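Accompanying notes for the structure given below.
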Amino acid sequence: MSAADQSERRGGGVSTLELFFDLVFVFTITQLTGVLVEEPSWEGLFQVSVMLGVIFWMYGGYVWLTNTVIVDRLARRLTLLGGMAGFLVVALSVPEAFDGSGAAFGAAYLAVVLIHLGMFVRSSHVTVAQAMVGLAPFNLGTALLIVVGGLLGGTAQYAIWATAFMLEWISPKLIDDSGFVIEPGHFVERHGLVVIIAIGESIIAVGIGAAGLPIDVGLVTAAVLGLGLSACLWWSHFGADEGVPEQRMAAAPMAARPRLAIHAFGYWHMLILLGVVAAASALKETTAHPFDPLPEAQALALGGGVAVFLLGEALFRATLSMPSIASRGLTALLALASVPIGLELSAAAQLTLLIVLLVAMLGLEYSRPTRRSAGRTATARPASASPGACIESGCSSGSSPTSLATRATRVRPRSSVARGPPPNSSP
């Protein structure tokens, strides 16, 4: 690594270029939602799950990249924009990826991987570059599998892309990721924006579904209920605990952060995103006829999407030793029980029930006497002492709550030496 890289310094926070980059991910979520709208079946769900998995893996890789490498130079900015162009082509290929545009998807995906690897190798801290050496064969290998699958098409494509998906997401278990360095503030903020982007898609879905329809009682009802559901999902993920994930990450030992991040912000965030995509696909179709019974596929997508979102939420909270895990698990089960309501009564009835369930869950959490102070005192219980923070990390038991709390709340400038990505995902 050059002396210039070693001397880089800047304050934390997500840059405007990163926000610009995320606009492509907004489009990707919209495209994936459209696939499920057009193909509301188990096959459609499989296609969306596989594509979301491989896209989110590399999107997460770029989050880890910008958490490590400060994109403040012309060459780096242009290179990142090249990766953004690759993601845009991937997103454009999503609707027909399993029916003719798989080759374009694969070629663009390979370009995304090569740009990501090149930026890491040239610009990262030495320990991050070494960790990337272990990860690079998996990223390149799975990208080539996606290219081959896209060229072959048919059943072979399904099998090959599913294999690539699995190899990417098990690769963190097969390499030493302790060399990756994570700056918690930027990292958690970036993933929070991803969730907001996904939830925003559910609102966009209502708007798209309303195109050309008269503004009547049915449309207003569908729009308000759709917004209410989106608000509840936002409140569930952020709410009173918005600052706790950063505190947990900051309190964890440096070498433990990558593995903690892969679980909390990789595996479980993928479930959260998939849940939102499924629910958004149902919302788009319910806008026109909110008082009619739903077809089976849409009722399952609506109730199942909320359930998957809450399951991801529960696992995310368990990994970071956050409160309110059981309530989300229970509400996820009850969300599944809303499916017959949509089938027998109407979309509006199922939406109303889901909102009532989520409001009740959130209301019970806020009614607890210690709830409001939980977020402010989260560092009193160090994440390194919890099972979630110690996932395959070998946490030290010698750190005191006081010292950990001090580290967790200290604001430090980010640098390319002081932060870095995990095994290429949110990874």
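The values are calculated or read from the model by the stated rules, or taken from the named source; none is laboratory data. Please read all numbers here as calculations on a predicted model, not as lab measurements. Because the Cβ atoms are built from the backbone with ideal geometry, glycine has one as well, and the counts that use them run over all protein chains shown.
The table below gives the values:
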| item | result |
| --- | --- |
| Qualifying residue in the range 30-43 (condition: modelled with pLDDT under 90, over 16 Å from TYR109 (Cα atoms) and surrounded by fewer than 20 Cβ atoms within 10 Å (Cβ to Cβ)) | no |
| Residue check, GLY243 of a type outside the set (A, V, I, L, M) and under 30 Å from THR352 (Cβ atoms) | no |
| Test result for VAL121, of a type in the set (A, V, I, L, M, F, W, C) and surrounded by fewer than 19 Cβ atoms within 10 Å (Cβ to Cβ) | yes |
| Unmet criterion (only one of (1) modelled with pLDDT of 90 or more; (2) touching a Leu at 6+ places or on another chain (Cβ under 7 Å)) for ALA107 | (2) |
| Filtered residues of the range 160-180 (kept if in contact with a helix residue (DSSP H, G or I) (Cβ under 6 Å, 6 or more places away or on another chain), surrounded by 19 or more Cβ atoms within 10 Å (Cβ to Cβ) and of a type in the set (A, V, I, L, M, F, W, C)) | ILE160, TRP161, ALA164, PHE165, ILE175, PHE180 |
| Any hit, the range 188-208, residues being touching a helix residue (DSSP H, G or I) at 6+ places or on another chain (Cβ under 8 Å), within 19 Å of PRO258 (Cα to Cα) and hydrophobic (A, V, I, L, M, F, W, C) | yes |
| Set LEU52, LEU110: member being in the same structural domain as MET166 (by TED's automatic domain parsing), over 28 Å from SER202 (Cα atoms), under 23 Å from the mean Cα position of the chain (by Cα) and in a helix (DSSP H, G or I) | LEU110 |
| Residues of the range 243-258 satisfying the condition of being buried (at least 24 other Cβ atoms within 10 Å of the Cβ) and within 11 Å of ASP177 (Cα to Cα) | ARG257, PRO258 |
